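Reviewing the structure listed below.
The values are calculated or read from the model by the stated rules, or taken from the named source; none is laboratory data. Only a predicted model underlies this, so the values are computations on that prediction, with no experimental measurement involved. For neighbour counting, all protein chains shown are included, and Cβ atoms are generated from backbone atoms with ideal geometry for every residue, glycine included. Just so you know, the surface numbers come from the protein's heavy atoms only, side chains and all, with ligands and any DNA or RNA stripped out. Shrake-Rupley method; radii C 1.70, N 1.55, O 1.52, S 1.80 Å.
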Amino acid sequence: MFHTLIANTVPLMPKRLVGHLSRHYIAGPVLDDAIRTAHELESEGCRFTMDVLGESISRESEARAYGRQYLQVLDRIHAEGLDCNVSIKPTQMGLGLDPALCREIYGEIVSHAASLGNFVRVDMEDTPYTDLTLELQAGLERQHPGHTGVVIQAYLRRTDRDLGERILPAKTNVRLCKGIYREPLQLAYHDRQEVRDNFLHLLRRLLENGNYVGIATHDKVLVEGARQLIEELGLPPTACEFQMLLGVLPDLRREILAAGHKLRVYIPFGEAWFAYSTRRLKENPSLVSHFMLGLFRKH
Ligand SMILES: Cc1cc2nc3c(=O)[nH]c(=O)nc-3n(C[C@H](O)[C@H](O)[C@H](O)COP(=O)(O)OP(=O)(O)OC[C@H]3O[C@@H](n4cnc5c(N)ncnc54)[C@H](O)[C@@H]3O)c2cc1C
């Protein structure tokens with residue numbers, strides 16, 4: 001109740017306060033901020049993925065502008081010599097407006113990424129977009145094999161079936177995460193242990209099948225479970241990677257790296273940081289306590 005109460009007051013919070021709460025989790029408003037952050041973390045041995053904040057746009061021109069921004073991000077990553085790909089939300093590229101427009105913009109970005117030897121991760125949003133997103137990535141992958149991947153969510157009951165029908169046969173490169181959106185009980189597991197169990201079940205199926213997996217979690221139980229699985233299956237360090245959000249549990253990040261695993265940090269940046277921060281805080285009230293903890297520690 002405490003979480004929900006605070007989450008409901010998020011839209012009323014002054015911009016400066018939200019900026020303060022989210023400063024560890026967002027690189028800043030411009031690309032230079034994201035590049036600087038990546039260079040700072042490079043010495044730890046991290047890899048990166050960059051996310052230009054913005055989603056659910058309402059005009060074609062906005063989708064195209066974000067598309068052009070991603071082309072610049074790819075060029076800059078290339079020029080800086082960073083081990084860094086990009087993560088893109090389908091509704092930011094217009095999936096909610098017109099799937100053909102979305103395909104066209106992604107197509108340009110993936111084509112550019114492929115020409116630079118880079119990679120585009122298609123982020124996963126809420127369930128109205130699940131099928132469209134899986135189809136979108138499958139189409140892009142057919143055009144540019146090896147240069148795209150998608151995200152799957154362990155909280156969704158359907159994901160096990162998606163694996164059998166699409167992800168395993170196509171050997172899709174996936175990021176496996178729990179899932180961040182609020183979904184109804186008939187579509188998603190709500191119980192923490194059920195989500196964890198499904199996460200490790202899906203991970204086993206993926207690794208046994210030889211899919212490349214980005215294991216995206218800060219949950220120590222899952223990190224340990226994944227490490228045991230990798231060891232049990234005798235997989236080389238190149239078979240998968242861990243992925244974590246910028247600013248979350250840096251000690252765990254260093255532990256994973258020290259154990260010899262690959263680790264990719266998700267770096268969000270952009271002018272839309274305020275909308276992103278308030279949305280994350282509202283959608284996942286438990287995050288409020290992480291943010292509040294940061295605030296209290298600071299003072
Ligand atoms: C690289 C990456 C990409 C992702 N992409 C997507 C996506 O495309 N679609 C999607 O639906 N979801 C995505 N997610 C979010 C994911 O689905 C989970 O909601 C999120 O990672 C929290 O789950 P967890 O496994 O870390 O476990 P949790 O149990 O939620 O977290 C474990 C611990 O990590 C810490 N923690 C977790 N999150 C935060 C935070 N924000 N701030 C501070 N501490 C925190 C806390 O100490 C917490 O106890 C992504 C996550 C990562 C790491």
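Per-residue 3J(HN,Hα) values for the stretch 219-225, derived from phi via the Karplus relation 6.51 cos²θ - 1.76 cosθ + 1.60 with θ = phi - 60°, read 7, 4, 4, 6, 4, 5, x Hz in sequence order (x marks Gly and Pro). Applying the Kirkwood pairwise sum to the alpha-carbon positions of the stretch 29-269 produces a hydrodynamic radius of 18.1 angstrom.
Rank 121, 264, 158 by mean-square fluctuation in a GNM of the chain with C-alpha springs under 10 angstrom and give only the top-ranked residue. Of the options given, 158 has the highest mean-square fluctuation.
The mean accessible area for residues of the chain, using a 1.4 Å probe and ignoring ligands and nucleic acids, is 46 Å² per residue.
Straight-line cross-link reach from residue 15 at under 16 Å between alpha-carbon atoms covers these lysines, not counting any fewer than eight positions away in the same chain: 282.
Find the centroid of the Cα atoms in the stretch 157-234 and in the stretch 16-82, then give the distance between the two in whole Å. About 26 Å separates the Cα centre of the stretch 157-234 from the one of the stretch 16-82.
Here's the list of lysines a cross-link from residue 262 could span, going by alpha-carbon distance under 23 Å and ignoring same-chain residues fewer than 8 apart: 171, 178, 220. For the stretch 157-238, the extents of the C-alpha atoms along the principal axes are 38, 29, 16 Å, listed from largest to smallest. For the stretch 128-181, the alpha carbon positions stretch 29, 20, 17 Å along the principal axes, listed from largest to smallest.
Evaluated at 10 °C with a viscosity of 1.306 mPa s, what Stokes-Einstein diffusion coefficient in µm²/s does the stretch 6-151 have when Rh comes from the Kirkwood expression over alpha-carbon pairs? Kindly include the intermediate steps, with their values, before the conclusion.
Values: Rh = 16.2 Å.
In µm²/s, the coefficient is 98.
Counting only protein heavy atoms and using a 1.4 Å probe, the accessible area of residue 42 comes to about 70 Å².
Overall, the accessible surface of the stretch 29-269 at a probe of 1.4 angstrom is composed of carbon and sulfur to the extent of 49 percent. Label sites at residue 166 and residue 8, each approximated as a point 7 angstrom past Cα along Cα to Cβ, lie 3.7 nm apart. Residue 191 accessible area, nearest 10 Å², 1.4 Å probe? Roughly 80 Å² of residue 191 is accessible to a 1.4 Å probe. In this label model, residue 218 and residue 190 are separated by 2.4 nm, measuring between points 7 Å along each Cα→Cβ vector.
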